[in-house]
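The values are calculated or read from the model by the stated rules, or taken from the named source; none is laboratory data. Since the structure is predicted, the reported quantities are computational estimates derived from the model, not experimental observations. Counting neighbours? That spans all protein chains shown, and the Cβs are built from the backbone with ideal geometry, glycine included. Accessible surface areas use protein heavy atoms only, side chains included; no ligands, DNA or RNA. Shrake-Rupley method; radii C 1.70, N 1.55, O 1.52, S 1.80 Å.
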Amino acid sequence: MELKDRLSDISAKAKIEINAVTTMEELETLRVAYLGKKGALTQVLKGMKDLSAEERPVIGQLGNKVRDEITTQLTETKTSIEKEVLNKRLSEETLDVTLPGIKPKKGQAHVITQSIEEIEDLFLGMGYQIVEGNEVEEDYYNFERVNLPQNHPARDMQDTFYITNEILLRTHTSPVQARTLEKHDFSKGPLKMISPGKVYRRDTDDATHSHQFHQIEGLVIDKHITMADLKGTLEALAKKMFGENREIRLRPSYFPFTEPSVEVDVSCFKCGGKGCNVCKQTGWIEILGAGMTHPEVLRMSGVDPEIYGGFAFGMGPDRIAMLKYGVDDIRNFYLNDQRFLEQFKVKG
Ligand code: DAH
């Protein structure tokens, strides 16, 4: 076949083949097949060296024309395939905004934190400030300043973890009483505070004891505070935590930092006082310790007990939560088992 005929043959075939292409890969294969180093067109043009001087420019021109045509067609096809691919992707990736969303798993505060916050809300509403104490505390504040001097027998009940002889993990939140008292400026008004936080004891853990648990301390100091104020305050607390119909009763007790001291019981929230398994058939549940602040505690903090006085209380939110939710083992609060913790939703 003559070169001229081979060229028009290539031109015709290329047109048809490129026209039928649908993917970039096919297009590239055709480009190589026609225009590549060993491609059909290149092969033909190589044969030009055997042509006569008159024929050579004619075939040369024709060869260039065919190359241009094929190149143009390749470029146009490439553009249209790209467009098609893009359109396909756009239509496939349309976002259906009406589809229901996937709800993210939302955590919640720990049940003890929720209980503490509930109690904080009540006291904030009554004008108390919330004070943060130190978990790592001085022996001096933990014991001495709450009227528990060295060798006082009541220290035995509160053995703890010592960091040095003078520094320990606090056994109760009561040291916050002294730390707040000594800083309080009574010319600006009475002191009304609560202080929640973690406390530590050298206890063997069992169903009702944990070496780490929580307390909320309360302290009110002003002129003319009486035990009736204490009782009214604790009654409000009992109603908030255990229901409107609750009553409280005070039993005489002993704490070194209060005089007189009381244990406070709340009428059973389960049986209403008739007697059941929760209140051990007594109708009452012990919820906290309290009393009228000992003059020595005031004196040690530089407050004149002849002018000022007040009350203090200390409660255990772990115990309150156990009673309220029927949790029979305190250790459950500290195991971080989601199945246990997810059950408690005090607020919304
Ligand atoms: N600190 C006491 C304890 O851990 C609890 C307590 C009792 C605190 C009576 C008080 C209080 O403020 O008045 O056992």
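Looking across region 17-38, just one residue is open to solvent by 70 Å² or more (accessible area, probe 1.4 Å), closer than 15 Å to Glu82 by Cα and not in a helix (DSSP H, G or I), and that is Thr22.
Looking at region 111-230, none of the strands (runs of 3 or more DSSP E) lying wholly inside it contains 2 or more residues that are away from the ligand (no atom under 16 Å from the Cβ), open to solvent by less than 10 Å² (accessible area, probe 1.4 Å) and out of contact with any helix residue (DSSP H, G or I) (no Cβ under 9 Å at 6 or more places or on another chain). Screening Met300 against (1) within 16 Å of the ligand (Cβ to nearest atom); (2) without any contact (Cβ under 8 Å) to a residue 40 or more places away in the chain leaves a single unmet condition, (2). Taking each residue of region 220-240 that is touching a residue at least 12 places away in the same chain (Cβ under 8 Å) and looking for partners that are open to solvent by 60 Å² or more (accessible area, probe 1.4 Å) with beta-carbon atoms closer than 6 Å, six or more apart or interchain, yields Val220/Lys192; Asp222/Pro190.
Cβ-Cβ distances below 6 Å connect no pair with a first residue in region 304-319 that is over 13 Å from Thr293 (Cβ atoms) and free of Cβ contacts under 8 Å to residues at least 12 places away in the same chain, a second residue that is β-branched (Val, Ile, Thr) and more than 10 Å from the ligand (Cβ to nearest atom), and a separation of six or more residues or different chains.
Evaluating Arg299 against the criteria (1) in a helix (DSSP H, G or I); (2) surrounded by 19 or more Cβ atoms within 10 Å (Cβ to Cβ) leaves one unmet condition, (2). Evaluating Ser267 against the criteria (1) farther than 15 Å from Leu219 by Cα; (2) within 12 Å of the ligand (Cβ to nearest atom) leaves one unmet condition, (2).
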